[in-house]
Amino acid sequence: MALKILISHASAGVGHSKAAFAIKKAFDEMRPFGVSVDVIDSLDYMTSHFKSSYVSYYLLMIRRLANVWGAFYFFTDNFYMNAIVSRIRRYVNWLHSKRFVKFLLKTRPDVVISTHFLATEIISNLKSKGLLKARLITVLTDYRLHAFWVAKYVDIYIVGSEEARGDLAGFGISPSKVMVLGIPVEPVFARGLDKKAALERLKLRTDCLNFLIIGGGFGVGPIEEIVKILDEVGGAVQALAVCGYNDSLKKKLEALKSGLKIPLVVYGFIDNVHELMRVSDLMISKSGGLTVTEALATTLPMAILSPIPGQESKNSDFLVRNSAAIRVMSLHELKGVISGFVKDPKELNKMRGAIEKIARPKAAYDIARLACGM
């Protein structure tokens, strides 16, 4: 009888979904015998109102009310507050998750890999009542813990740093239940690339420093302003801007190209970001867990611009502490950082060396093997 593995994510933020599909791709490549793997968005099994409000409120917070989000994040990120909030959260989840529960009890997976705390909490609750016996593996998609991820009946936590292991210990989670395997990214990020050949294939100049600007799946951040700063710095510089699903931003940047001194290449939502990372010399971005993990997997140094308070600021702290990134809190400061790298590109090589010490590009494979008991 096949081992049934369910990978559950939530489409509130692109990173949780990308982590889930990265693990699925690792399974697809490994093709373990006697194992079936399915991927679902847990929000698809919630009530329609819950799903729409869950996503829209999150996007509103990170786009328009970042400080409010940060205050909420830190206010709820402690043992005692979480003990109170989790009761309310479990009740709300119970009201809206009946289809999800029905699905789980009908399909009876042997192992659930959860890349979002929503599914983790619901499944943990089912396990506490003896209604589901699946092995629950929770994969944190940031480099530090938030209390929302903690659930009593998780069997194994997968984290990206020793600091996250320590965070879990602070909530009473035994170190034996925590494995520092890394945050999963698609297997393609773990593979090398001939930079010169890739530049030619992508029709990019080969005589420039490439600065990759990424605003995540939703194209968040002052990308247009960053392009203008790169243009002001000038020199042997090429800008690569990824706008994600933000079509209006893409149009603005396309219109800007003719007035620039430096070459600018504009992308929408793409499926070859691994190539852009491999041919780039510095990524300028927010510090979402999956984006920075992809950069680590490709040994790409980072300049983190004004991280959103909360999980992004914690990710940024981790990266800066390990010399994998530089944090800049203003566009003026960013201009100075870029100018420094243009004058002395060797500094970027030092950062690459630091990245190699903390990157775990094969995490998706390791998680897949763990789920199979290999």
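The values are calculated or read from the model by the stated rules, or taken from the named source; none is laboratory data. Values in this document were obtained by computation on a predicted structure and should not be read as measured data. All Cβ positions, even for glycine, are placed from backbone atoms using ideal geometry, and neighbour counts span all protein chains on display.
Things to note:
- Among (1) under 17 Å from VAL337 (Cβ atoms); (2) of a type outside the set (Lys, Arg); (3) at pLDDT 95 or above, the one test that ILE223 misses: (3)
- If you go through the stretch 225-268 and pick out every residue that is assigned to a loop (DSSP other than H, G, I, E, B) and more than 19 Å from LYS203 (Cβ to Cβ), you end up with 6.
- Considering residues of the stretch 174-208 that are in contact with a strand residue (DSSP E or B) (Cβ under 9 Å, 6 or more places away or on another chain), of a type in the set (A, V, I, L, M, F, W, C) and modelled with pLDDT of 95 or more only, the residue surrounded by the most Cβ atoms within 10 Å (Cβ to Cβ): ILE183
- The residues in the stretch 346-374 that are farther than 13 Å from ALA295 by Cβ, in a loop (DSSP other than H, G, I, E, B) and among the hydrophobic types (A, V, I, L, M, F, W, C) can be counted, and the count is 1.
- Selection of the stretch 230-254 for residues being touching a Leu at 6+ places or on another chain (Cβ under 8 Å) and either closer than 12 Å to ILE270 by Cα or among the polar types (S, T, N, Q) (or both) yields GLN238, ALA241, VAL242, CYS243.
- Scanning the stretch 274-290 for residues that are under 14 Å from the mean Cα position of the chain (by Cα), surrounded by 24 or more Cβ atoms within 10 Å (Cβ to Cβ) and either under 11 Å from ILE213 (Cα atoms) or modelled with pLDDT of 95 or more (or both) yields one hit, SER285.
- Per-region count, the stretch 333-345, residues loosely packed, with under 13 Cβ neighbours inside 10 Å and not in a helix (DSSP H, G or I): 1
- Residues considered: ALA364, ALA354. Of these, the only one that is at pLDDT 95 or above and not assigned by TED's automatic domain parsing to the domain that holds LEU290 is ALA364.
- Residue count for the stretch 136-166, restricted to those that are surrounded by 23 or more Cβ atoms within 10 Å (Cβ to Cβ) and charged (D, E, K, R): 1
- Qualifying residue in the stretch 218-231 (condition: assigned by TED's automatic domain parsing to the domain that holds LYS343, loosely packed, with under 14 Cβ neighbours inside 10 Å and either within 25 Å of LYS362 (Cα to Cα) or among the polar types (S, T, N, Q) (or both)): no
- Selection status of LYS152, more than 16 Å from ALA297 (Cβ to Cβ), modelled with pLDDT under 95 and of a type outside the set (Asp, Glu): yes
- Any hit, the stretch 316-326, residues being at pLDDT below 95, of a type outside the set (S, T, N, Q) and on the phi < 0 side of the Ramachandran plot: no
Condition check ((1) in contact with a Pro (Cβ under 8 Å, 6 or more places away or on another chain); (2) more than 18 Å from VAL14 (Cα to Cα); (3) assigned by TED's automatic domain parsing to the domain that holds GLU294) across all residues:
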site	(1), (2), (3)
GLU121	no, yes, no
SER128	no, yes, no
ALA134	yes, yes, no
THR141	no, no, no
TRP149	no, no, no
ILE156	no, yes, no
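- For the stretch 307-332, a residue qualifies if it is outside any helix (DSSP H, G or I), under 23 Å from TYR143 (Cβ atoms) and among the hydroxyl-bearing types (Ser, Thr, Tyr), and exactly one does: SER323.
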